[in-house]
Amino acid sequence: RVEADLALPERNARKTGHTKTVAELTGMPGSLAFELGDYETGERLLGEALELDASYANLARMANMHAKTCRVESAVALLQRAERELPEGSSRGRAWVRLQRGLLELDKGRYKEALSFYQSANEAYPHWWLVQEHIAESEAELGNEERALELYDRVVALTGDPELIGAYADALSKKSPKQ
């Protein structure tokens, strides 16, 4: 249904010559195609979107695809470009980019590096639960159980998310008993 929902606005944007809108409406189905497993169509549409407009959104979409297809260096470069495209006051967008960079480090088992990106994301957009959860995860992996538990406690209370409750329970089970 998404493709059908995007067809009319895309036709109108093409008729009126709104290149940025056409680019966005090309990138969205590109991301959808990728998520549905049609990597070739996804790559083609995301590439077309980037050619029309190398916006933050289009760069971030392509970075996501590259990250998920193990093209990490390219994903990092695209995320760096995406961050540069953000307007000065886009603190949440900046935090999201830094969170993604941290996830790439986390996937490599580089917890200190991941934590550094998460902390930078937290500075850009303080107290975002999603960033806090990833800081907690990194702290737990680095053996900083007390800090991890403190963060998980806040995030679980805020979200009630079952996945985070599980991570909190896992961190609790690893906690060293006090002597």
Quick one, which of (1) 12.1; (2) 13.8; (3) 10.5 is the actual mean projected area of the Cα convex hull in nm² calculated for this model?
(1)
Can you compute 3J(HN,Hα) from phi for each residue in segment 45-57, using the Karplus curve 6.51 cos²θ - 1.76 cosθ + 1.60 with θ = phi - 60°, rounded to whole Hz and x for Gly and Pro?
5, 5, x, 4, 4, 5, 5, 6, 7, 7, 7, 3, 4
Of the candidates N122, N64, N12, which one comes out as most mobile in a Gaussian network treatment of the chain with C-alpha springs shorter than 10 Å?
N12
For each pair in K15/K68; K112/K174; K68/K174; K68/K175, compute the distance between the two Cα atoms and list the pairs where it is over 26 Å.
K15/K68; K68/K174; K68/K175
Which of the aspartates and glutamates could a cross-linker bridge to K108, judged by Cα under 15 Å and excluding same-chain residues fewer than eight apart?
E73, E137, E141
Can you run phi through the Karplus equation (6.51, -1.76, 1.60; θ = phi - 60°) for segment 144-149 and list ³J(HN,Hα) in whole Hz, with x for Gly and Pro?
8, 4, 4, 5, 4, 5
Assigning unit charges at the beta carbon (Lys, Arg +1; Asp, Glu -1) and nothing else, what dipole magnitude in debye, to the nearest 20, does segment 1-45 show about its Cα centre?
340
Considering only protein heavy atoms, what per residue accessible area in square angstrom results for the chain with a 1.4 angstrom probe?
57
Let me have the relative contact order for segment 1-142, percent, based on Cα pairs under 8 Å that are six or more residues apart.
14
Which percent of the accessible heavy-atom area of segment 45-142 goes to carbon and sulfur, probe 1.4 angstrom?
48
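The values are calculated or read from the model by the stated rules, or taken from the named source; none is laboratory data. Keep in mind that what you see is a predicted model, and the values were worked out from it rather than measured. Virtual Cβ from ideal backbone geometry, glycine too; neighbours counted across all protein chains shown. Accessible surface is based on the protein model in full, side chains and every heavy atom, while ligands, DNA and RNA are left aside. Shrake-Rupley method; radii C 1.70, N 1.55, O 1.52, S 1.80 Å.
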